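Structure record follows, encoded as structure tokens.
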Amino acid sequence: MVVLIVASLGGLAAYAWSLGPLPLDEARKASVTVLDRHGKLLRAYAMADGRWRLPVHAQSDVDPRYLKLLLAYEDKRFYSHHGVDPLAVGRAAWQLVTRGHIVSGGSTITMQLARLLEPRRQRSVSAKLRQMVRAIELEHELSKQQILDLYLTLAPYGGNLEGIRAASIAYFGKEPKRLSLAESALLVALPQSPETRRLDRHPDNARVARDHVLTLMVADGVVAADDAAQAEAVPVLRQRKPMPVLAPHSADQALTTASGAQTIRLTLDGTIQRALEALARDRAASLGRDISIGILAIDNESAEVLAHVGSADYFDDRRAGQVDMVRAVRSPGSTLKPFIYGMAFEDGFVHPDSLIEDRPARFGVYAPENFDMTFQGTVPVRKALQLSLNVPAIELLDRVGASRLASRLKQAGAGLVLPNGEVPGLAMGLGGVGIRLIDLVQLYGGLARLGNVLPLKEIASDSSDNRESLRLMDKVAAWQVGNVLIDTPPPDNAMRHQIAFKTGTSYGYRDAWSVGFDGKMTIGVWVGRPDGAPVPGLIGRSAAAPILFDAFARTGQLRTPLPKPPRGTLIASNAKLPLPLRRFRPAGELVRASGDQALRIQFPLNGSRIDAVSQASTGALPVKVAGGVLPMTVMVNGVVAGEIDGRRQRLVAPPGPGFARVTVMDALGVADTVVVRIQ
């Protein structure tokens, strides 16, 4: 007997060796899935041969009631046998002998998995023996949990659907985490004869098979009779739903970036993404057949993208839906104006409550005009920005410097696109430059972060997060810009003083923009035609701003206040401002007709480097000027540091290491500025 047993085991081992290794690598291949920040499916890509096979983990991805039904129906002793259930095999053999044909195969789930790994059309004793041997090998190589996961991933459900997850999404439009009793029983029954029980072709056969499962489960005491009766009353519909396609542009980009990954997790929030996609689709339909919309929403603190809507409809060819307008280069209109004002605030030659002239002006051959072709006269700077007046913006840009603005925005991570051979000019303040919505939102996120820009992140599964903060402007200037923009009159029926926002309209009505932020989120909206054709009447305030405010509302997030003013912020009415800050004077007024000597900072020299150690010994940084009209005000990094005395000098508290901007402004508004480096 012992010799016989040893010989049998030896023969079995030789047979197993002849079969070669288990084809597990091929079986583990699955559809690429793109998930949101919470692990919810955004989009899946079919395998190369067209099959949908979504990876699944039984304990976390599948309804426990389904697992209970599956094991009770298919393999009661799954957790106790070693791949082959002797009792089930004995029962099947007895039925074969007494009835003359195969009634039940006695297959365990592990044996069924073996058959899925090496499909065989015929049902024969040799095929069954092969499955048994393979099942024992599987039990030796994999844990019970891994076997169950692999079975639930490979089980056939008709057509090109493999695995319970693909079947549940295709037939019920939901993940298999929470299945009803009727749905669970149906999914247990389908793999037994997937092609003859397909819901989209043979719903009646599927219903009969489902009810048979329920009847057996009642007989075994697994399901209560009343619950089974209610489940049997649920109709089985002839249907197959499309696979979800949320955030298709982000998913396509991630698929290229994370090439080779089977599961890609994005920072997007699926709930917000779905809400904003519906918003873009609805608003585009009301604006015109050729109009598309791009929307980008980010979290201010982490700079993670929460929603990325690249077009109004990904599958609409007429709207060029597969073109990602979030990443398309377009003219920004007036949306760069806040950064002009921010740099002017930082330089210290203007304050939100300073007065500025909105009158006809000429800069060489360039004569900007306002959108409505009228002029407001003398207005506060904050009103000039809120009303998006063009002449004041160009006056400030002329003082700030177009090249310097372009360099600062580039330093903050935004790529401005100019025509070949062109250099930044004053026209960039009104949209004479190209920029992407994703870059614009990143810049506005920097305003919300009080002047520090963090590069945006969209692929959460990228573990190498080595992003570094980029400087946009100082804290005080950034806060002042936000404080001005939050008082901009909102669209009709929108709440005031909740969102700091700016609109823009490009030349020729080709692009309408609106970008805004509160204390938690920044959202940008672009509206226009993807082909760049003009759309008469397409204006940022009427086309894009309402979408922006609706987008904030649809995120489901409560509005969060902007940060409190940083230390050193000068908050005063115009009458209480230092005399030089009460009215802005253009650069052309720096040289006066009276022949008085123009104001000039003699020390420190522009571009000089100052030793912090020597400053520490004296406790102050000397500032000396020549010319100008007393009284004169000294500002360091936009913060008032005192007045120049009669000897035309002043000792100011030394700023910390790094670049410092020192500005002196006299009684007539004439100013001079130098930038030094403290080291």
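Using 0.36 nm times the number of residues separating TYR507 and THR560, minus their current alpha carbon distance, what extension gain do you get? Please report the intermediate quantities before stating the final value.
Details: separation 53, 0.36 × 53 = 19.08 nm, distance 3.40 nm.
Result: 15.7 nm gained on full extension.
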Cα-centre dipole for segment 26-232 with unit charges at Cβ (Lys and Arg positive, Asp and Glu negative), debye to 20: 400 debye
If we count other beta carbons within 10 Å of each Cβ, what is the order of THR560, THR503, THR256, THR110, fewest first? THR256, THR560, THR503, THR110
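Any of LYS68/LYS144; LYS29/LYS68; LYS40/LYS457; LYS410/LYS475; LYS475/LYS624 with alpha carbons more than 20 Å apart? Name them for me.
Pairs exceeding the cut-off: LYS29/LYS68; LYS475/LYS624.
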Honestly segment 26-232 on the Cα gyration tensor test (a ≥ b ≥ c root eigenvalues; a/c under 1.5 rounded, otherwise a/b vs b/c for prolate or oblate) is just oblate
Residue by residue, what Karplus-based ³J(HN,Hα) values in Hz, rounded to whole numbers, does segment 386-401 have, using 6.51, -1.76 and 1.60 with θ = phi - 60° and x for Gly and Pro? 4, 8, 6, 6, 7, 4, x, 5, 6, 4, 5, 5, 4, 6, 5, x
Cα→Cβ-extended label distance, 7 Å offset, between ASN370 and LEU418, nm: 2.9 nm
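Would you mind working out the magnitude of the charge dipole of the chain relative to its Cα centre, with +1 at each Lys and Arg C-beta and -1 at each Asp and Glu C-beta, to the nearest 20 Debye?
Values: 80 positive and 66 negative charges, 29 e Å.
Using Cβ point charges on Lys, Arg, Asp and Glu, the chain gives about 140 debye.
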Rounded, prolate or oblate: which fits segment 399-482 when a ≥ b ≥ c are the square roots of the eigenvalues of the alpha-carbon gyration tensor, with rounded for a/c under 1.5 and prolate only if a/b beats b/c? oblate
Charge-dipole axis of the chain as Lys and Arg at +1 and Asp and Glu at -1 on Cβ define it, positive-most pick from GLY638, GLY260, VAL32: GLY638
For a label point 7 Å along the Cα-to-beta-carbon line of LYS174, residues of segment 66-80 with backbone N under 14 Å: 66
So, R0 is 56 Å and r is the distance between the beta-carbons of ARG281 and GLN679; what FRET efficiency does that work out to, to 0.05? 0.55
Does segment 514-588 come out rounded, prolate or oblate by the C-alpha gyration tensor, with a ≥ b ≥ c the root eigenvalues, rounded set by a/c under 1.5 and, if not, prolate when a/b is larger than b/c and oblate if not? oblate
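Quote the convex hull volume per residue of the chain, based on C-alpha atoms, as a whole number of Å³.
It comes to 224 Å³ per residue, whole-number rounded.
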Chain lengthening between GLN59 and THR271 when straightened (0.36 nm per residue, less Cα-Cα): 73.9 nm
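So what is the relative contact order for the chain, in percent, with contacts set as C-alpha pairs under 8 Å and at least six apart? Don't skip to the end; give the middle numbers.
Numbers: 1345 pairs, mean separation 70.3, N = 679.
Relative contact order for the chain comes out at 10 percent.
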Rough spin-label spacing in nm, given labels placed 7 Å along Cα→Cβ, for PHE315 and ALA598: 6.5 nm
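Given a Förster distance of 60 Å, report the FRET efficiency between VAL218 and ASP492 from their Cβ-Cβ distance, rounded to the nearest 0.05.
Working: r = 61 Å, r/R0 = 1.02.
That gives a FRET efficiency of 0.45.
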In deg cm²/dmol, rounded to the nearest 500, the helical mean residue ellipticity at 222 nm of the chain, built from -39500 (n - 2.57) for every DSSP H run of length 4 or more, is -10500 deg cm²/dmol
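How high is the FRET efficiency between ALA229 and GLU195 when r is their beta carbon distance and R₀ equals 30 Å, given to the nearest 0.05? Walk me through the intermediate numbers first.
On the way: r = 29 Å, r/R0 = 0.96.
The formula returns an efficiency of 0.55 here.
May I ask you to list the trypsin sites (Lys or Arg not before Pro) in segment 502-593 that are in a DSSP loop and have at most 10 other Cβ atoms within 10 Å of their Cβ? Intermediate values should be presented prior to the final figure.
Working: sites: LYS502, ARG510, LYS520, ARG541, ARG554, ARG559, ARG567, LYS576, ARG582, ARG583, ARG592; in loops: ARG510, LYS520, ARG559, ARG567, ARG582, ARG592.
Filter output for segment 502-593: ARG567.
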Estimated inter-spin distance, SER608 and SER259, nm [label 7 Å along Cα→Cβ]: 5.5 nm
5 angstrom amide H check on ASP511, placed H, neighbours 5+ away: SER506
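Here, each number is a calculation from the coordinates, and none is a lab measurement. Only a predicted model underlies this, so the values are computations on that prediction, with no experimental measurement involved. We place every Cβ from the backbone using ideal geometry, glycine too, and count neighbours over all the protein chains shown.
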